[in-house]
Amino acid sequence: MDMLQIIEAKKRGSELGESEIEAWVRGVVDESIPLYQSASLLMAIRLNGMTFDETWLLTRAMANSGDRVHYKGFPVVVDKHSTGGVGDKVTLILAPLVAACGVPVAMLSGRSLGFTGGTIDKFESIAGVTCEFDDLTLQRMMQEIGWVNAQPSSRIAPADRALYALRDVTGTVDSIPLITASIMSKKMCGGGTHLCLDVKCGPGAFMQNFDDARKLASSLKQVGILGGLKMAGVISRMAEPLGQAVGNYVEMWEAVRYLTEWPKTPLAELVMALADHMLKMYMPDEEKRAAMLMSAIESGAAIEALRRYLDFCGGDVRAIDQLMSMELTQEGVAVTSTRDGFVNDIDGYGLALCARELGAGRITQNDRIDPMAGFILEKQLADEVKAGDVLLLVYGKKAKSWLSQNRERIPALFTIGNSAIDKASIILDEV
Ligand code: URA
């Protein structure tokens, strides 16, 4: 198959067939197709789109490009995918919560890169914890503690690994067919039988308006069904950082708070909606599901599920105890408001960039992070603020030095208006 003909066909807007798509994906993995030709095809796809059939064929070819995890003896395994957002710590709360209700959970997660945070970095902010395992250890983890969260091996969807890196540097990330194939190829290989989606919509998300979020959700759902997964989920509003903490250890700290105290916030509403979907396939009775989830928190079963996971991953007992008692190893440095009013907007993207500068994230894959670096927001959307009130606390080795040069940047990320705004529900729709 001549790659140039495939590029020309997509450039003209023609539909690619099975043999063309499979030849391309094979050539990406065995490196027989030069990156400049793949880059050119990616841009043609970005500009001219793909039909649903093409999107499915691309997803299947990418899923078949490597290995698949199977949890033997577990006919139902639930997974969750979020399209990502600043402060998104849902997995840290949701996975132990659902597992504590007796439902096997398996998720493969990534590390932070660019302005995105990474669930693996959040777990690994606890001293001793490592989340890289071989297949046999994943099986043992599922058997011993009932849930798995790990970094995917390089053998899971290697075609996506190569293509995602290329998309990142060629302006071709924002394409619904390419996002669908990238996400669903990995999900088809991660060992889950059921997938719960959290498609974000808002200024800090891939999909900034509701119509695009709906299109992405529908594309993910339809491809997932063809790939043999039972699909459910929500479209959720991403209008501000999700919860109070942005960083790694600080997000673990906040997750513990939810697993023990369950504050009534938009984050709790989102976790509950996703957990409810994940339990639904076991338990049709909605009231029983809600009661079971609350009892997992109140009885301590949910926090125990997190403790057992961290212990399995090699966490230092003292570090786990410190986390469970919600001790922060450092005092945060306060940044205060200069005016009275109401929080009308918080620039989550700007906050994520600041968190990365503090050391919470990476610019390149080899950068080392400071596990403690990040923010805890003391004011959130719609809150009333008085001049002198603390807007947020800054953490990390570089907190003081970074602030001495950037103090005015933080208040600029908060839009304080004269009038109060309504806090709308975080759930916009069902998938
Ligand atoms: N997450 C992925 O895994 N792939 C994309 O293309 C976008 C988000």
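Selection of the stretch 68-89 for residues being within 11 Å of G190 (Cα to Cα), part of a loop (DSSP other than H, G, I, E, B) and touching a Leu at 6+ places or on another chain (Cβ under 7 Å) yields only V69.
Could you list all residues from the stretch 150-168 that are within 17 Å of the chain's Cα centre (by Cα) and more than 13 Å from the ligand (Cβ to nearest atom)? Those that are within 17 Å of the chain's Cα centre (by Cα) and more than 13 Å from the ligand (Cβ to nearest atom): A150, Q151. Taking the stretch 196-220 as the range and being assigned to a strand (DSSP E or B) and within 13 Å of the ligand (Cβ to nearest atom) as the test, the residues that pass are L197, D198, V199, K200, M207. Could we say that S109 is surrounded by fewer than 24 Cβ atoms within 10 Å (Cβ to Cβ), under 12 Å from the mean Cα position of the chain (by Cα) and small (G, A, S) here? So S109 fits the description; yes. For G191, the criteria (1) touching a Phe, Trp or Tyr at 6+ places or on another chain (Cβ under 7 Å); (2) of a type outside the set (S, T, Y); (3) within 15 Å of the ligand (Cβ to nearest atom) hold in every case but one, which is (3).
Could you say whether any residue in the stretch 233-243 is surrounded by fewer than 24 Cβ atoms within 10 Å (Cβ to Cβ), within 28 Å of D121 (Cα to Cα), within 16 Å of the ligand (Cβ to nearest atom) and among the hydroxyl-bearing types (S, T, Y)? Checked the stretch 233-243: no residue is surrounded by fewer than 24 Cβ atoms within 10 Å (Cβ to Cβ), within 28 Å of D121 (Cα to Cα), within 16 Å of the ligand (Cβ to nearest atom) and among the hydroxyl-bearing types (S, T, Y).
For the stretch 281-301, the criterion of a residue being touching a strand residue (DSSP E or B) at 6+ places or on another chain (Cβ under 6 Å), hydrophobic (A, V, I, L, M, F, W, C) and buried (at least 17 other Cβ atoms within 10 Å of the Cβ) is satisfied by no position.
Taking the criterion of being closer than 15 Å to K89 by Cα and of a type in the set (V, I, T), the only residue of the stretch 353-380 that qualifies is I376. Under 7 Å between Cβ atoms, at least 6 apart or on separate chains: pull out the pairs that start in the stretch 170-194 with a residue that is at positive phi and end on any residue that is aliphatic (A, V, I, L, M) and more than 10 Å from the ligand (Cβ to nearest atom). If the second residue must be aliphatic (A, V, I, L, M) and more than 10 Å from the ligand (Cβ to nearest atom), the pairs left are G191/V69; G191/V77; G191/A106.
Taking the conditions (1) surrounded by fewer than 21 Cβ atoms within 10 Å (Cβ to Cβ); (2) among the hydrophobic types (A, V, I, L, M, F, W, C); (3) more than 13 Å from the ligand (Cβ to nearest atom) in turn, W147 satisfies each one other than (1).
In the stretch 70-84, the residues that are within 16 Å of the ligand (Cβ to nearest atom) form Cβ pairs under 8 Å with partners that are among the polar types (S, T, N, Q), at six or more places apart or across chains, as follows: K80/T91; S82/T91; G84/T116. Tell me yes or no: at least one residue of the stretch 170-178 is part of a helix (DSSP H, G or I), within 10 Å of the ligand (Cβ to nearest atom) and closer than 22 Å to L351 by Cβ. Scanning the stretch 170-178 turns up no residue that is part of a helix (DSSP H, G or I), within 10 Å of the ligand (Cβ to nearest atom) and closer than 22 Å to L351 by Cβ.
Bear in mind that the values in this text are calculations on the coordinates, not laboratory data. Just so we're clear, the structure is a prediction, and the values are computed from it rather than from any experiment. Quick reminder, even Gly has a Cβ in these numbers, built from the backbone with ideal geometry, and neighbours come from all protein chains shown.
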